[in-house]
Amino acid sequence: MNRIQKPKGTLDILPSDIGVWQYIENAVRETARIYGFSEIRMPTFEATELFCRGVGDTTDVVGKEMYTFIDKDGSSLSLRPEGTAGVARSVIENGLYAGAMPLKLFYLSNFFRREKPQAGRSREFWQFGTELYGSSSPEADAQVILLANSLFKKLGLTKVTLRINSIGCPECRPSYRSALLNYFSQYESELCDTCRERLQKNPLRVLDCKSPVCSGIAKNAPKTLEHLCDGCNTHFEKLKSLLDVCGVEYIVDPSIVRGLDYYTGTVFEFTVDSIGAQSTVCGGGRYDGLLASIGGPEMPAVGFGMGITRLIQALKDESLIPDLETGCDIYIAPLGEGASVSAFVLAQKLREGGVAAETDVCGRSLKAQMKYADKAGAGFVLVVGDNEIAEGVAELRDMRGGERVKVELTVESITKAIKG
């Protein structure tokens with residue numbers, strides 16, 4: 001019979017790998033807490049219309065990559081391809097927009113896109129995301145950028161580059177759209193099929209095409225910064241001054257437009273060259289019109305999404321994965337069936353006292369148990385037989401340092417010896 005394998009583009013996160021995931025998740029939650037962001041969790045699937053209206057039906061995400069299915073009641077549902085639209089829906093549905101502002105939320109969730117699996121990219125992927133609602137100020141933009149930057153510093157990453165741009169607002173976007181349309185129309189026959197469709201609907205999306213031909217043409221396209229209104233220009237200049245005064249280095253990169261339709265104004269990316277072509281580890285920006293586009297009130301917002309697998313790869317490339325202790329605190333090795341019951345009870349009492357304890361449940365020999373304890377990463381081993389049980393004392397072996405000490409077979413005595 002053929003073995004069933006995981007779907008293409010998905011990951012098994014094994015016990016040997018989970019330590020670094022938990023290390024990053026803990027760093028994420030602590031950094032978010034320091035910046036005043038509270039965690040939110042959304043459904044794994046949403047109404048397809050949410051992403052069509054929120055993300056944009058001209059995007060590759062909605063047009064090509066979503067996992068969409070028809071429910072038994074005939075409604076169309078999609079696995080979430082990103083987090084911002086789902087958070088926006090939750091903010092509206094639960095009336096969070098009516099509370100104190102700014103509203104600062106973060107998530108650590110898995111998402112789904114049917115795209116070509118490649119380095120740092122899979123069809124099920126995990127992101128840390130932030131969403132700040134209720135402020136249109138450049139200080140809000142700077143705060144989410146600083147949050148991401150603080151996380152990179154906390155993890156020790158040094159080869160990270162911040163790139164920023166502004167893509168304008170509804171006031172100045174029309175003139176820029178016209179300039180793009182005029183420019184790309186000269187090369188319409190050379191553009192890929194997707195970009196020819198995008199040209200009339202949203203020419204800004206052509207700038208984000210990964211096709212070598214389209215990206216080559218886009219290099220000489222009009223720049224967003226050349227078409228900003230006074231308000232957007234002032235906002236962008238203030239953002240730069242805030243980053244300057246906080247000592248955050250950045251590059252102004254007019255090519256950054258991000259791939260989702262809800263972005264307006266500030267857009268930014270953090271890139272890590274060590275992870276190859278897929279170098280963007282974090283991307284975000286401002287999306288002031290998103291809530292209104294899905295039936296909510298007009299409310300400014302800014303945030304980012306950060307890929308966890310890419311973050312892990314960046315840490316590996318800089319040799320920044322710490323030595324994470326795994327395994328149990330103590331392994332209790334019984335000698336004989338009578339001792340096995342006492343060992344079983346003692347292990348349970350230790351667990352109830354907060355000690356990670358293991359004991360044999362496979363009927364192995366002492367030699368086999370010692371091999372298992374070593375493989376399981378046990379810090380200490382306690383061998384107990386009938387004599388030890390009768391005397392109430394046994395020898396505790398430090399598996400790392402090699403020392404051996406006598407301990408009473410009590411939770412207090414063993415815990416004291418282990419914890420020092």
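The values are calculated or read from the model by the stated rules, or taken from the named source; none is laboratory data. All figures in this text were calculated on a predicted structure; none of them were measured in a lab. Glycine also receives a Cβ, built like all others from the backbone with ideal geometry; neighbour counts cover every protein chain displayed.
Could we say that Leu108 is at pLDDT 95 or above and within 15 Å of the chain's Cα centre (by Cα) here?
Yes, satisfied.
Determine whether the range 148-165 contains at least one residue that is of a type in the set (Gly, Ala, Ser), assigned by TED's automatic domain parsing to the domain that holds Ile312, touching a strand residue (DSSP E or B) at 6+ places or on another chain (Cβ under 7 Å) and within 26 Å of Phe270 (Cα to Cα).
Narrowing the range 148-165 to residues of a type in the set (Gly, Ala, Ser): 148, 150, 156.
From what is left, the residues that are assigned by TED's automatic domain parsing to the domain that holds Ile312 are 148, 150, 156.
Right, trim to touching a strand residue (DSSP E or B) at 6+ places or on another chain (Cβ under 7 Å) and you get 148.
With the extra rule that they be within 26 Å of Phe270 (Cα to Cα), the set shrinks to 148.
So far as the range 148-165 goes, yes, one or more of its residues are of a type in the set (Gly, Ala, Ser), assigned by TED's automatic domain parsing to the domain that holds Ile312, touching a strand residue (DSSP E or B) at 6+ places or on another chain (Cβ under 7 Å) and within 26 Å of Phe270 (Cα to Cα).
Which one of these is touching a Leu at 6+ places or on another chain (Cβ under 7 Å) and on the phi > 0 side of the Ramachandran plot: Gly354, Gly392?
Of the residues listed, the single one that is touching a Leu at 6+ places or on another chain (Cβ under 7 Å) and on the phi > 0 side of the Ramachandran plot is Gly392.
Could you pull out the residue among Ala88, Ala142, Ala100 that is more than 14 Å from the chain's Cα centre (by Cα), buried (at least 23 other Cβ atoms within 10 Å of the Cβ) and not β-branched (Val, Ile, Thr)?
Ala88
When you look at Ser255, is it within 22 Å of Val160 (Cα to Cα), without any contact (Cβ under 8 Å) to a residue 60 or more places away in the chain and either outside any loop (DSSP other than H, G, I, E, B) or in contact with a strand residue (DSSP E or B) (Cβ under 8 Å, 6 or more places away or on another chain) (or both), yes or no?
Taking the combined requirement at face value, the residue does not satisfy it.
With the requirement that a residue be closer than 23 Å to Tyr263 by Cα and in a loop (DSSP other than H, G, I, E, B), what does the range 96-107 give you?
Within the range 96-107, Met101, Pro102 qualify.
Report the residue count in the range 379-406 for those that are closer than 20 Å to Asp360 by Cβ, part of a loop (DSSP other than H, G, I, E, B) and without any contact (Cβ under 8 Å) to a residue 40 or more places away in the chain.
Of the residues in the range 379-406, 1 are closer than 20 Å to Asp360 by Cβ, part of a loop (DSSP other than H, G, I, E, B) and without any contact (Cβ under 8 Å) to a residue 40 or more places away in the chain.
Can you confirm whether the range 234-249 contains a residue that is in contact with a helix residue (DSSP H, G or I) (Cβ under 6 Å, 6 or more places away or on another chain), of a type outside the set (D, E, K, R) and over 18 Å from Ile145 (Cα atoms)?
No: zero hits.
Can you tell me which residues in the range 273-313 are at pLDDT below 90 and either buried (at least 22 other Cβ atoms within 10 Å of the Cβ) or aliphatic (A, V, I, L, M) (or both)?
The answer is Ile275, Ala277.
Do you know which residues across the range 350-371 are farther than 11 Å from Thr415 by Cα, part of a helix (DSSP H, G or I) and either under 40 Å from the mean Cα position of the chain (by Cα) or touching a residue at least 12 places away in the same chain (Cβ under 8 Å) (or both)?
Listed by number, the residues that qualify are Glu352, Leu366, Gln369, Met370, Lys371.
Can you report the number of residues in the range 249-269 which are surrounded by fewer than 21 Cβ atoms within 10 Å (Cβ to Cβ), under 23 Å from the mean Cα position of the chain (by Cα) and of a type in the set (A, V, I, L, M)?
1
Could you list all residues from the range 36-55 that are of a type outside the set (Val, Ile, Thr) and either without any contact (Cβ under 8 Å) to a residue 60 or more places away in the chain or farther than 21 Å from Phe106 by Cβ (or both)?
Residues satisfying the conditions are Pro43, Phe45, Glu46, Ala47, Glu49, Phe51, Cys52, Arg53.
So, of the residues in the range 198-221 that are part of a helix (DSSP H, G or I) and in contact (Cβ under 8 Å) with a residue 40 or more places away in the chain, which turns out to be surrounded by the most Cβ atoms within 10 Å (Cβ to Cβ)? Lay out the reasoning, then the answer.
Keep residues of the range 198-221 that are part of a helix (DSSP H, G or I), which gives 198-201, 203-208, 212-218.
Still in the running and in contact (Cβ under 8 Å) with a residue 40 or more places away in the chain: 198, 201, 204-205, 207-208.
On the way: Arg198: 24, Lys201: 12, Leu204: 21, Arg205: 22, Leu207: 26, Asp208: 20.
It comes out as Leu207.
Taking the range 47-83, which residues are within 23 Å of the chain's Cα centre (by Cα) and acidic (Asp, Glu)?
Those that are within 23 Å of the chain's Cα centre (by Cα) and acidic (Asp, Glu): Asp60, Glu65, Glu82.
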